[in-house]
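Nothing in this text is a laboratory measurement; each read-out follows from the coordinates by a stated rule. Keep in mind that what you see is a predicted model, and the values were worked out from it rather than measured. Here Cβ is always computed from backbone atoms with ideal geometry, including for glycine, and neighbour counts include all displayed protein chains.
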Amino acid sequence: MLAVHYYYRFRNSLDDVVTLMAMRGFYVSHQTVHNWTQTFVVELGLKLRERRYGQAGKKWHADATYIRVEGRWCYFYRAIDKEGHLVDVYLSDVRDQAAAEAFFEQAQNTTGVTPVQITTGKEVALYPAIENAFGTMI
């Protein structure tokens, strides 16, 4: 897990992780580190998501952007709370109200928190999605 942590947290190359592990007395190949990152990243992500339950604030900032993931363009929805902590993220092939609603429902299920205020950019689909997911906000 330490090798996976080094790779993702500090954005090190596989060779750098091998060197860091060797400094700690563990001798592994870069292919082994690659295999570990591919094997454990989903499990690690799910455990980190579980730890966010109940930890988000009640004031969120939500936005959507267009990113490339594994050679494919998709929409990336993200919400952070007032203190800058991650609420949740969501990838979608489309940028519409249904995708935004799915994102907000997922964020609420992940955190167990119903926000009292959500600040957004001028993304048109977010406003009706917020209303459908949470009702009228103050």
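For P(r) over Cα pairs in 10 Å bins from 0, in percent, pick the label among (i) 11, 28, 22, 23, 13, 3, 0; (ii) 11, 33, 28, 18, 8, 1; (iii) 11, 38, 33, 14, 3, 0 that corresponds to the value derived from the coordinates.
Computing P(r) over Cα pairs in 10 Å bins from 0, in percent and matching it to (i) 11, 28, 22, 23, 13, 3, 0; (ii) 11, 33, 28, 18, 8, 1; (iii) 11, 38, 33, 14, 3, 0 gives (ii).
Charges at C-beta only: +1 for Lys and Arg, -1 for Asp and Glu. How large is the resulting dipole of the chain about its Cα centre, in Debye rounded to 20?
The dipole of the chain has a size of about 380 debye.
Whole angstrom only: what separates the Cα centroid of the stretch 94-138 from the Cα centroid of the stretch 22-62?
Result: 26 Å between the Cα centres.
In a shell of Cβ-Cβ distance under 14 Å around Ala64, excluding Ala64 itself, what net charge do Lys and Arg (+1) and Asp and Glu (-1) give?
Taking every other residue near Ala64 into account, the sum is -3.
With n ≥ 4 as the cut-off for DSSP H runs, can you work out [θ] at 222 nm for the chain, using -39500 (n - 2.57) per run divided by the number of residues, rounded to the nearest 500?
-14500 deg cm²/dmol
Once you keep just the Cα pairs under 8 angstrom separated by 6 or more residues, what percentage relative contact order results for the chain?
Normalised by residue count, the contact order of the chain is 19 percent.
Using the basic label-point model (7 angstrom from Cα toward the beta carbon), what is the Thr114 to Thr32 distance in nanometres?
That separation, rounded to one decimal, is 5.1 nm.
Would you mind checking the tilt of helix 30-51 against the longest principal axis of the Cα atoms of the chain, expressed as 0 to 90 degrees and rounded to 10?
30 degrees
Gain in length, Leu91 to Glu123, computed as 0.36 nm per residue apart minus the alpha-carbon separation, to one decimal in nm?
Working it through step by step, the gained length comes to 9.9 nm.
Grab the Cα-Cα distance for Gln55 and Thr39, subtract it from 0.36 nm times how many residues apart they are, and report the gain in nm with one decimal.
3.1 nm
State, to one decimal in nm, how far the label point of Asp63 lies from the label point of Ala102, with both points 7 Å from Cα in the Cβ direction.
2.3 nm
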